[in-house]
1. Look at segment 57-111 and say how many of its residues are outside any loop (DSSP other than H, G, I, E, B), under 17 Å from D161 (Cβ atoms) and either of a type in the set (G, A, S) or modelled with pLDDT of 80 or more (or both).
2. List, please: which pairs have Cβ atoms under 6 Å, are six or more places apart or on different chains, and start with a residue in segment 113-127 that is small (G, A, S) and end with one that is assigned to a helix (DSSP H, G or I)?
3. Write out, first by first residue and then by second, each pair whose Cβ atoms fall under 9 Å of each other, whose residues are 6+ apart or on separate chains, and whose first residue, in segment 154-166, is more than 17 Å from G185 (Cα to Cα) while the second is in a helix (DSSP H, G or I) and among the charged types (D, E, K, R).
4. Take the residues of segment 112-131 that are part of a helix (DSSP H, G or I) and among the basic types (K, R): which is nearest to the chain's Cα centre (by Cα)?
5. Test of understanding: among D104, D82, which residue is farther than 21 Å from P170 by Cβ and not basic (K, R)?
6. For residues that are more than 14 Å from A122 (Cα to Cα) and of a type in the set (K, R), scanning just segment 147-186, find the one that is modelled with the highest pLDDT.
Amino acid sequence: MKRKHPHSASVPPEESELLRAALADVQPLPRLNRAALIRPKPLPIAAQRQRDEQEALRDTLSDNPAWEQGLETGEELLFRRDGLSQEHIRKLRRGHWKIQDHLDLHGHTVAEARPLTAAFLARAIRNSLRCVRIVHGKGLSSPNREPVLKKKLSGWLAQRDEVLAYCQAPQTEGGGGAVLVLLRGSRNSSK
């Protein structure tokens with residue numbers, strides 16, 4: 001059974017005859033002595049690896065990293081860097097390190113609070129401070145009375161290499177509305 005070309009019905013017979021007449025003296029080109037090239041197969045694309053790397057990049061740039069290890073599931077903020085003993089958290093809670101500076105984020109939006117926090121931590125490191133307090137508030141004037149800055153601050157602090165640990169401040173230092181932050185010691189001891 002012969003298949004018809006899909007366009008053959010739409011070409012009038014006189015045009016087909018004209019085409020045949022025009023191509024009557026056409027000679028096929030001679031076959032050249034060419035070798036068939038063997039092209040190497042392209043290397044496979046590691047699609048899953050690309051997706052993993054993209055997700056890791058998104059996690060590191062997000063406000064809520066997926067690797068928030070060290071954070072308790074309750075309301076209290078708590079974090080300690082891998083390799084740091086639990087004793088450091090106990091000392092931080094008990095006031096072993098004197099609070100050397102503080103930042104009050106009351107009344108600031110998330111967009112304002114993040115650069116303020118980054119600048120405050122950079123200044124603290126420059127000044128060789130070891131323990132600081134950041135007051136984030138309890139969220140009583142936030143929508144649904146939830147502490148928005150508290151949640152954001154936990155992610156921001158955990159992403160910073162200079163932050164060794166942090167925990168909720170004792171009641172005398174702000175309680176659930178503040179966090180004590182233990183910073184890495186200055187590598188430059190000449191100050």
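1. Initially, segment 57-111 is screened for residues outside any loop (DSSP other than H, G, I, E, B), giving 57-61, 78-80, 86-93, 101-104, 110-111.
Narrowing the set further to residues that are under 17 Å from D161 (Cβ atoms) leaves 59-61, 79-80, 88.
From the residues that got through so far, the ones that are either of a type in the set (G, A, S) or modelled with pLDDT of 80 or more (or both) too are 79-80, 88.
Looking only at that region, the number is 3.
2. Listed by first residue and then by second, the contacts come to A113/L149.
3. W156/R114
4. R114
5. D82
6. The qualifying residue modelled with the highest pLDDT is K152.
The values are calculated or read from the model by the stated rules, or taken from the named source; none is laboratory data. Quick caveat: nothing in here was measured; it's all calculated off a predicted structure. As a convention, Cβ positions derive from the backbone with ideal geometry for all residues, glycine included, and neighbour counts pool all protein chains shown.
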